[in-house]
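Q: I have a structure I would like to understand better, so I am pasting it below and will then ask my questions one at a time.
The values are calculated or read from the model by the stated rules, or taken from the named source; none is laboratory data. Everything numeric here is computed off the predicted structure, so don't read it as measured data. All Cβ positions, glycine included, derive from the backbone under ideal geometry; neighbour counts span all protein chains shown.
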Amino acid sequence: MERRVYATDLSDEEWVIVAPYVPAPMKGGRPPKWSRREILNAILYILKTGCPWYLLPHDFPPYSTVFWYFRRWRKEGVWEALNTVLREKVRQQLGREPQPSALIIDSQTVKTTEKGG
């Protein structure tokens with residue numbers, strides 16, 4: 001049975017860009033049961049829909065497997081590296097420098113009940 005296609009699935013072009021930054025399976029042991037692309041598609045589904053992990057549709061890998069990879073890749077800094085690469089690519093497509101040259105910090109004054117002395 002073929003898996004249903006979701007709007008959050010990566011296209012072939014998107015996968016070509018993202019694939020080099022997704023860690024390869026660990027050496028040794030048994031071969032992986034699920035492809036990295038399927039795991040990433042499941043994570044993107046969770047992030048887009050906001051559904052709980054245990055409500056991940058059954059045509060994705062098991063939610064416990066998907067959550068394990070999500071946490072592992074977070075600890076390894078995969079998400080931060082991927083975000084940096086994608087941000088730089090978008091900035092270059094817009095004709096800008098890959099790295100921003102300025103930072104804007106917004107602050108608000110919060111009223112309190114204490115009075116100054």
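Q: Give the residues of the range 16-52 that are surrounded by 13 or more Cβ atoms within 10 Å (Cβ to Cβ) and among the β-branched types (V, I, T), sorted by residue number.
A: I17, V18, V22, I39, I43, I46, T49
Q: Take the conditions of a type in the set (S, T, Y), within 22 Å of K89 (Cβ to Cβ) and loosely packed, with under 14 Cβ neighbours inside 10 Å and apply them to S11. Does it pass?
A: So S11 fits the description; yes.
Q: The conditions are (1) exposed (fewer than 14 other Cβ atoms within 10 Å of the Cβ); (2) over 16 Å from V78 (Cβ atoms); (3) not basic (K, R), and F60 fails exactly one of them. Which is it?
A: It is condition (1) that F60 fails.
Q: Then there's this: With L55, L82 as the choices, which residue is more than 12 Å from the chain's Cα centre (by Cα) and either surrounded by fewer than 12 Cβ atoms within 10 Å (Cβ to Cβ) or at pLDDT below 95 (or both)?
A: Being more than 12 Å from the chain's Cα centre (by Cα) and either surrounded by fewer than 12 Cβ atoms within 10 Å (Cβ to Cβ) or at pLDDT below 95 (or both) holds for just one of L55, L82, which is L55.
Q: I would also like to ask the following. For the range 1-37, which residues satisfy the criterion of being acidic (D, E), assigned to a helix (DSSP H, G or I) and either in contact (Cβ under 8 Å) with a residue 24 or more places away in the chain or closer than 18 Å to A81 by Cβ (or both)?
A: E14
Q: Could I ask something else about it? Answer yes or no: is there a residue in the range 63-73 that is out of contact with any helix residue (DSSP H, G or I) (no Cβ under 8 Å at 6 or more places or on another chain), among the hydrophobic types (A, V, I, L, M, F, W, C) and surrounded by 11 or more Cβ atoms within 10 Å (Cβ to Cβ).
A: There is at least one residue in the range 63-73 that is out of contact with any helix residue (DSSP H, G or I) (no Cβ under 8 Å at 6 or more places or on another chain), among the hydrophobic types (A, V, I, L, M, F, W, C) and surrounded by 11 or more Cβ atoms within 10 Å (Cβ to Cβ).
Q: A further question on this structure: Residue by residue through the range 40-81, note down the ones that are in a helix (DSSP H, G or I), hydrophobic (A, V, I, L, M, F, W, C) and either touching a residue at least 60 places away in the same chain (Cβ under 8 Å) or within 16 Å of A7 (Cα to Cα) (or both).
A: Correct list: L40, A42, I43, L44, I46, L47, A81.
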